[in-house]
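J.: This is the structure, below, for whatever I ask next.
The values are calculated or read from the model by the stated rules, or taken from the named source; none is laboratory data. If you're wondering where the values come from, they're calculated on a predicted model, not measured in any experiment. Heads up, the Cβs are rebuilt from the backbone with ideal geometry, glycines too, and the neighbour counts pull from every protein chain shown.
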Amino acid sequence: MQKTLPALLLVALVGSVLAGSSSASSEPGAADFGNLTEVLRTIDEHSPDVKAAQAARRQADAQVQQARAAWFGKVDAYALSQHFNDPRLTRPITQPPNVANYPFSSDQFGYGLDMQLPIDISRQIAAEVDAARGRAASALWSLEDVRLRSLLQGAALYRNLEALAGQHAALAKQLESLQASERVARTGLKVGNIARVSLLRVQAAVAEVQAAIANVAGQEQKMRAQLAALMSVDVFAAPVSSPEKGPTALPADARTLPPSVLAAQSALTASQAKMQAAQRAQYPQLVANGGWIHNAIQWEERAVDTWQINLILRMNLWSGGAQRSAIDAAQSAADEANQRLSSAEANLRATREGAVAQWNAQSEVYRAALSGLLAAQESARIEQDRFRNGLGSATDLIDAEAALARARGALAGAMAGWWQADDALRYAYGEPPLAYPDARSIDSKTSANGTGETLP
């Protein structure tokens, strides 16, 4: 990939030939990137997909706190009112100190506290907390992946608008040239050195170019609507111009893992912890619980306070196969997460190799399109001179102008395609498009579990 960069110096030397088809700045990060940077910033801040991923991350973080809260038990306050038709009750809310021969009140009212504290000797709660932390880490990396994919999609739409802008500029140049040739043909028809059929052919070519311009304008309107929807705005009407230079900087570190793989790693960690929690649910469970109650109306209308502390050791002997099924389900989920991780790693290698190949291919396409534009410009110049002097046919002139327009459009498309390939390459390495260098990025050099693992 690095070997192609010296050749970019040639592109920089001949980039001035695009001045007629674009009014954008010649440096990335200037006027052409300024608009795209704002587009990407708007997508990052307002895209519904990004907002949904942010909400999912907050939910996962809250579930971590929910799982940790199980360590600290719970305390419930309650109030209880009971009314009976018999004043000699045998089951009051709390027993009096001496139940012999004392009539109880038929109206009972009490309030108190219930307390429960699990003692995690089986480490089941710890496994549940680890599972929640893994899911939170996966949600974090999934958010980053959604954000990068949204930025990539927005950049792709913007690059398509740049290609359409280049096509529009090329067609406008072609229309301008053909209209000048039409004036020449009218003058030549008057003096008798150009046949009327030549004028008609030029006029027909003008009409065709006007129709092509209208078609490009329709495509641009459709593309702008798609970009506005992605940005979550009503309309995107900012001017877009084709850039004059291709990308030169490549991803900083080829060894980093993208968020998609890190999310798969975290999901596997969470699944494995969940399986441990299901297994530990079969171990003995130790719980300390207790309570206090203030029985406001008791025998002889004297209040009674009662408290108790219980220490319970419980072990399930039969659940109808529920625990075994829970373990099997957790094992299957872990196997699924492991296969998804393997698939993500394999796809990453293929995606990176393909992205590098596409980047190099698009750079060659651009250079070929640049050479074709130089040749088409010279051919059109020759045919224009011959037509003005009455030596060339209208057919040759129209063909040359059409070839020049196609060459200009192809160069704009090649430039947009090169930038799209660069954006895709950066996404494969977990980086935002180059037009958005200040994007809020997560350090993907370190995996979610802090191990710093990377692909070979």
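J.: Any idea which of 350, 344, 326 is closer than 20 Å to residue 134 by Cα, among the hydrophobic types (A, V, I, L, M, F, W, C), in a helix (DSSP H, G or I) and under 30 Å from the mean Cα position of the chain (by Cα)?
T.: Details: 350 fails: closer than 20 Å to residue 134 by Cα; 326 fails: under 30 Å from the mean Cα position of the chain (by Cα).
That would be 344, the only listed residue that is closer than 20 Å to residue 134 by Cα, among the hydrophobic types (A, V, I, L, M, F, W, C), in a helix (DSSP H, G or I) and under 30 Å from the mean Cα position of the chain (by Cα).
J.: Can you tell me which condition residue 121 does not meet? The list is (1) surrounded by 24 or more Cβ atoms within 10 Å (Cβ to Cβ); (2) in contact with a Leu (Cβ under 7 Å, 6 or more places away or on another chain); (3) not charged (D, E, K, R), and all the others hold.
T.: (1)
J.: Under the condition of being outside any helix (DSSP H, G or I) and more than 28 Å from the chain's Cα centre (by Cα), which residue from region 40-78 is surrounded by the most Cβ atoms within 10 Å (Cβ to Cβ)? Before you say what the answer is, go through the steps one by one.
T.: Step one: of region 40-78, the residues outside any helix (DSSP H, G or I) are 47, 73-78.
After this cut, where a residue has to be more than 28 Å from the chain's Cα centre (by Cα) as well, the list is 73-78.
On the way: 73: 14, 74: 12, 75: 12, 76: 10, 77: 8, 78: 11.
Ranking the candidates gives 73 first.
J.: Report, ordered by the first and then the second residue, all pairs with beta carbons closer than 6 Å, sequence separation of six or more or different chains, a first member in region 221-245 that is of a type in the set (D, E, K, R), and a second member that is outside any helix (DSSP H, G or I) and at pLDDT 85 or above.
T.: Between residues of region 221-245 that are of a type in the set (D, E, K, R) and residues that are outside any helix (DSSP H, G or I) and at pLDDT 85 or above, the close pairs are 224/236.
J.: For region 194-206, state whether one or more residues are surrounded by fewer than 19 Cβ atoms within 10 Å (Cβ to Cβ) and outside any helix (DSSP H, G or I).
T.: Within region 194-206 (the criterion being surrounded by fewer than 19 Cβ atoms within 10 Å (Cβ to Cβ) and outside any helix (DSSP H, G or I)), the answer is yes, since at least one residue qualifies.
J.: Tally the residues that are closer than 20 Å to residue 413 by Cα and surrounded by 15 or more Cβ atoms within 10 Å (Cβ to Cβ), restricting the search to region 225-247.
T.: Of the residues in region 225-247, 10 are closer than 20 Å to residue 413 by Cα and surrounded by 15 or more Cβ atoms within 10 Å (Cβ to Cβ).
J.: Let me ask you something else. Consider residue 81 carefully, then state whether it is buried (at least 22 other Cβ atoms within 10 Å of the Cβ), of a type in the set (Ser, Thr, Tyr) and at pLDDT below 85.
T.: Taking the combined requirement at face value, the residue does not satisfy it.
J.: Within region 388-407, does at least one residue satisfy the condition of being modelled with pLDDT of 85 or more and over 21 Å from the mean Cα position of the chain (by Cα)? Before you say what the answer is, go through the steps one by one.
T.: Taking region 388-407 and keeping what is modelled with pLDDT of 85 or more, we get 407.
Then drop every residue that is not over 21 Å from the mean Cα position of the chain (by Cα), which leaves 407.
Within region 388-407, one or more residues are modelled with pLDDT of 85 or more and over 21 Å from the mean Cα position of the chain (by Cα).
J.: Among residues belonging to region 41-84 that are touching a strand residue (DSSP E or B) at 6+ places or on another chain (Cβ under 8 Å) and among the aliphatic types (A, V, I, L, M), point out the one that is farthest from residue 436 (Cα to Cα). Quick ask: steps written out before the conclusion?
T.: Let us first name the residues in region 41-84 that are touching a strand residue (DSSP E or B) at 6+ places or on another chain (Cβ under 8 Å), namely 70-84.
With among the aliphatic types (A, V, I, L, M) added as a condition, the list becomes 70, 75, 77, 79-80.
Working: 70: 43, 75: 51, 77: 54, 79: 60, 80: 62 Å.
Among those that are touching a strand residue (DSSP E or B) at 6+ places or on another chain (Cβ under 8 Å) and among the aliphatic types (A, V, I, L, M), it is 80.
J.: Are any residues in region 337-359 charged (D, E, K, R) and closer than 15 Å to residue 263 by Cβ, and if so, which ones? Working first, answer last.
T.: If we filter region 337-359 for residues that are charged (D, E, K, R), which is where we start, we get 340, 345, 349, 352-353.
340, 345 - these are the residues of region 337-359 that are charged (D, E, K, R) and closer than 15 Å to residue 263 by Cβ.
J.: Also: Restricting to region 315-329, name every residue that is at pLDDT 90 or above and either closer than 30 Å to residue 430 by Cβ or among the charged types (D, E, K, R) (or both).
T.: Across region 315-329, the qualifying residue is only 328.
J.: If I go through region 144-156 residue by residue, how many of them are crowded, with 24+ Cβ neighbours inside 10 Å and aliphatic (A, V, I, L, M)?
T.: Count: 3.
J.: Return only the number of the condition from (1) modelled with pLDDT of 85 or more; (2) in a helix (DSSP H, G or I) that residue 290 does not satisfy.
T.: (2)
J.: Could you say which residue among 262, 257 is under 18 Å from the mean Cα position of the chain (by Cα) and not in a helix (DSSP H, G or I)?
T.: When all the criteria are applied, what remains is 257.
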